[in-house]
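So the structure is just underneath, and the comments pick up after that.
Just so you know, all these numbers are worked out from the coordinates, no wet-lab data involved. This structure is a prediction, so every number in the text was calculated from the model and none was measured. For neighbour counting, all protein chains shown are included, and Cβ atoms are generated from backbone atoms with ideal geometry for every residue, glycine included.
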Amino acid sequence: MTDLALYGTLRDPDILKIVLGRAGGEMPSARLSGYRVAMVAGQHYPMIWPEGGADCEIDILQGLDAGDLARLDFYEDVFGYTRTTISYEARPLQIYLPPEGGSWPKGGAFDPATWAVAHGALTRLAAQDIMSSYGIETAKAVAARLPIIRARAQAHLRAGDHPPAGETLKRRLNIAHQSAVYNGFFNLIDIAASYQRFDGSLSDPAGRLILDLGEAVTVLPYDPKRDLVLLIEQFRPAAVIQGDPNPWLLETVAGICDEGETYEQTAQREAREEAGVALNALHLIGRYYPSQGAVAQILISYIGLADLAQDYDSTHGLLAEGEDIRAFTLPFDEAFRLVQEARLSNAPLLLSLMALDRMRAARGWPSQ
């Protein structure tokens, strides 16, 4: 059996339970001499490094077997930490150290209570996602998509920030089973649940496969002086699967919300990346599920005011993400004619052009 010093996020009992697959039990606290703990600059977790004259608070997780250590090693390896042995009170003690002796840039002090308020809920959801890949993927493979794992966790947390519309009742819901059957940039979730029907009875458990995508922002850039809109065009494999003879679709600017971003920041970033455009103001259209029968995703759609050039036509996108995006401008009337003639197949673009049609009338656009 092995004892392990915990100094960071694993001191959170819920995270430890997720990683271990069981409760951690009683863990005596102690002071570890010769080491200091602080946040990694710009990150959501702390690190530890040797420093003469320093000391730090630890919890000692006792009686770990090989299976426990394998799960802990996997989780810590996602963040680049390696388990090693140090001496504590003349006996060996295991601890996870960052690479290169803690040479990462150091941030502020790590306080477990403060950290739990700022990062705890999101990190717990992310830990569930990470550990669902244990025994299936390597830690390196999971680490490569850590940003989208945390972005998806952020989306799940923010889902509760918005009150429902219409007449709603607090109805019974029993989740019999929920697990990931595929983990990747997007997750595929197998869920079975019974729920209270409108007549008050309880349904039989219904099984579904749901694609978990998180949150994304769409924005339609519009120049209210020139009455121009900016559209993008790009290849979409989903249209190939559907059998569409032309899988290059006209769309709005769109992108997934990164961790820590507001929706407005995502809109601005994606407009720069996909169209080379700076947005002067944003007008919210709405927040909605695009296909709630099979997809767990929220879209937040905007009209973005911008200075657009007549006859603008350019290519953009991040090469690292394999993007090849054409951005071009059209007079609003010409773009809206595509709506009237049912020639558009992208839902956010349809919705955005219809919303802009109403905004133009209400705000007196185009303005002189």
Practice item. Would you calculate the separation in nanometres between label points at GLN310 and ALA143, each defined as 7 Å from the Cα along the Cα-to-beta-carbon direction? Key: 5.5
Check your understanding: Roughly speaking, what is the stretch gain from ARG31 to LEU211, that is 0.36 nm per residue apart minus the C-alpha to C-alpha distance, in nm to one decimal?
Key -> 60.3 nm
Exercise for review: Please report, in debye to the nearest 20, how large the charge dipole of the chain is about its Cα centre when each Lys and Arg carries +1 at its beta carbon and each Asp and Glu carries -1 there.
Suggested key: 720
Practice item. With P(r) over Cα pairs in 10 Å bins from 0, in percent in mind, check (i) 4, 19, 25, 21, 17, 10, 4, 0, 0; (ii) 5, 25, 35, 26, 8, 1, 0; (iii) 5, 22, 28, 23, 15, 6, 1, 0, 0 and report the label derived from this structure. Key: (i)
Practice item. Find how many whole Å separate the alpha carbon centroid of the stretch 32-109 from the alpha carbon centroid of the stretch 298-344. Key: 48
Practice item. Give the span of the stretch 2-119's Cα atoms along each principal axis, as three whole-Å numbers ordered largest to smallest. Key: 34, 33, 24
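Report, in debye and to the nearest 20, how large the dipole of the stretch 49-184 comes out about its Cα centre when Lys and Arg carry +1 and Asp and Glu carry -1 on their Cβ.
780
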Practice item. Would you kindly state how much longer the chain becomes between ASP161 and ALA113 on full extension, computed as 0.36 nm times their sequence separation minus their alpha carbon distance, in nm to one decimal? Key: 15.0 nm
**Study point:** Order of ILE130, ILE18, ILE175 under a 10 Å beta carbon neighbour criterion, fewest first
**Key:** ILE175, ILE18, ILE130
Revision key, fill the gap. With DSSP loop assignment and no more than 10 other C-beta atoms within 10 Å, the chymotrypsin sites (Phe, Trp or Tyr not before Pro) in the stretch 187-285 are PHE198
Point to revise | ³J(HN,Hα), Karplus 6.51/-1.76/1.60, whole Hz, each residue of the stretch 22-37, x for Gly, Pro | key: 6, 5, x, x, 5, 10, x, 8, 7, 10, 9, 7, x, 9, 10, 10
Exercise for review: Report, to the nearest 10°, how far helix 66-78 tilts away from the longest principal axis of the Cα atoms in the chain, using its own Cα long axis and a range of 0 to 90°.
Suggested key: 40
Point to revise | Qualifying trypsin sites (Lys or Arg not before Pro) in the stretch 300-368, DSSP loop, other Cβ atoms within 10 Å at most 14 | key: ARG343
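Based on the alpha-carbon gyration tensor of the stretch 1-44 and its eigenvalue square roots a ≥ b ≥ c, which shape applies: rounded if a/c is under 1.5, prolate if not and a/b is larger than b/c, or oblate?
Verdict is oblate for the stretch 1-44.
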Check your understanding: What is the distance, in nm, between label points placed 7 Å from the Cα along the Cα-to-Cβ direction at ALA54 and at ASP199?
Key -> 6.7
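Filter the trypsin sites (Lys or Arg not before Pro) in the stretch 163-263 down to the DSSP loop ones having no more than 10 other Cβ atoms within 10 Å, then list what survives.
Counting only loop positions with at most 10 other Cβ atoms within 10 Å, the trypsin sites (Lys or Arg not before Pro) in the stretch 163-263 are LYS170.
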Review point. Sorting GLU76, GLU321 on the 10 Å Cβ count, fewest up front, what's the list?
Key: GLU321, GLU76
Exercise for review: Using the number of other C-beta atoms within 10 angstrom as an exposure proxy, rank TYR312, TYR75 with the fewest first.
Suggested key: TYR312, TYR75
**Study point:** Helix-only mean residue ellipticity at 222 nm for the chain, each DSSP H run of n ≥ 4 adding -39500 (n - 2.57), per residue, nearest 500
**Key:** -8000 deg cm²/dmol
Check your understanding: With θ set to phi - 60° and the Karplus curve 6.51 cos²θ - 1.76 cosθ + 1.60, what are the ³J(HN,Hα) couplings of the stretch 267-276 in order, to the nearest whole Hz, using x for Gly and Pro?
Key -> 4, 5, 5, 5, 5, 5, 5, 8, 9, x
Review point. Mind checking the angle between helix 146-158 and the chain's longest principal axis? C-alpha axes, 0 to 90 degrees, to the nearest 10.
Key: 70
